[in-house]
Amino acid sequence: MVKESPQQVQSFTRGLRVIKAFTGFPLTLSEVAVRAELSPAAASRYLATLADLGYLEQDGSLFRATSKLLELAQPYLKSNEPMRRATPILRQLSDEVGETTTLTQYSHGEVINVLASQAEQELSIRVDIGRHLPAYCTAMGRAMLALLPEDEAHQAIKETVRLRLTASTLTEIPDIIEQINESRTQGYCLVEEEHTLGIRTLSIALQLTQGPLIALSVPTPIAREDRASYMQRVLGPLQQAARRMADD
């Protein structure tokens with residue numbers, strides 16, 4: 001069970017746990033109860049409240065998050081100067097390459113989707129803002145790990161539960177470290193189908209002077225083109241976007 005200090009408002013804390021249970025897919029009452037570490041009766045009350053407020057919607061036995069939850073991120077986005085600067089940069093990059101573009105932030109062996117500029121064309125990648133992804137098998141994660149001291153990156157990988165999510169996922173520490181070192185040398189990271197089948201992603205990481213470790217990325221369906229064509233089309237604009245982000 002999650003430990004709760006006497007200073008916490010327990011109902012508020014538990015409500016946040018219910019919200020955090022949703023990671024992109026609809027959930028049943030029992031699934032929310034397990035993820036939020038609540039009894040089914042308590043989980044039911046929190047779900048009903050969040051649905052009444054418009055943060056969740058119910059379809060039969062399933063609950064799903066609504067776009068109203070994005071309002072909760074606005075204080076962070078509006079008060080965070082790097083995030084404000086990144087929005088037009090992502091939009092320009094998306095327009096140039098015709099793909100969804102993202103900004104992720106590093107946190108303890110994971111990456112968090114913070115911003116996205118959604119492309120309009122068919123087969124464009126949909127990005128769940130706020131979703132946590134593993135660093136060891138994602139382009140943005142390895143790109144950001146490459147900016148950490150080598151011992152710190154190694155320790156982060158060692159402490160991560162490294163699941164084989166696809167047939168292409170690297171799980172052995174030496175193999176992952178080799179890819180991180182390659183990213184450090186190249187200045188970018190390319191990963192194909194290690195986290196999600198059918199998806200390749202090119203990422204460039206930056207350590208902002210006043211801000212977190214971030215990465216700009218261009219995920220795309222592998223079916224759209226071969227690797228060489230993708231790299232030729234995307235790498236230059238992505239490098240320019242990273243320079244703009246670093247210079248602003």
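Here are a few things to note about the model shown:
Residue-wise test of (1) in a helix (DSSP H, G or I); (2) free of Cβ contacts under 8 Å to residues at least 12 places away in the same chain; (3) open to solvent by 70 Å² or more (accessible area, probe 1.4 Å).
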position: I19; (1), (2), (3): yes, no, no
position: V32; (1), (2), (3): yes, no, no
position: L38; (1), (2), (3): no, no, no
position: A42; (1), (2), (3): yes, no, no
position: R45; (1), (2), (3): yes, yes, yes
position: F63; (1), (2), (3): no, no, no
position: K68; (1), (2), (3): yes, no, no
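- Residues within region 230-248 that are part of a helix (DSSP H, G or I), touching a helix residue (DSSP H, G or I) at 6+ places or on another chain (Cβ under 7 Å) and open to solvent by 70 Å² or more (accessible area, probe 1.4 Å), tallied: 1
- Matching residues, region 202-218, being outside any loop (DSSP other than H, G, I, E, B) and surrounded by fewer than 24 Cβ atoms within 10 Å (Cβ to Cβ): L206, Q207, L213
- Here A215 fulfils each of the conditions (1) over 16 Å from the mean Cα position of the chain (by Cα); (2) at pLDDT 95 or above; (3) of a type in the set (G, A, S) apart from (1).
- Unique residue being crowded, with 17+ Cβ neighbours inside 10 Å and modelled with pLDDT of 95 or more when the list is L56, L93: L93
- Selection within region 70-80: residues that are loosely packed, with under 14 Cβ neighbours inside 10 Å and aliphatic (A, V, I, L, M). The member of this set that is modelled with the lowest pLDDT is L70.
- Verdict on I177 being among the β-branched types (V, I, T), part of a helix (DSSP H, G or I), modelled with pLDDT of 95 or more and within 16 Å of T138 (Cα to Cα): yes
- Test: residue in region 139-146 that is out of contact with any Cys (no Cβ under 9 Å at 6 or more places or on another chain) and either in a loop (DSSP other than H, G, I, E, B) or surrounded by fewer than 16 Cβ atoms within 10 Å (Cβ to Cβ) (or both): no
The values are calculated or read from the model by the stated rules, or taken from the named source; none is laboratory data. Worth saying up front: this structure is predicted, and the values here are computed from it rather than measured. Heads up, the Cβs are rebuilt from the backbone with ideal geometry, glycines too, and the neighbour counts pull from every protein chain shown. Surface areas here come from the heavy atoms of the whole protein model, side chains and all, with no ligands, DNA or RNA. Shrake-Rupley method; radii C 1.70, N 1.55, O 1.52, S 1.80 Å.
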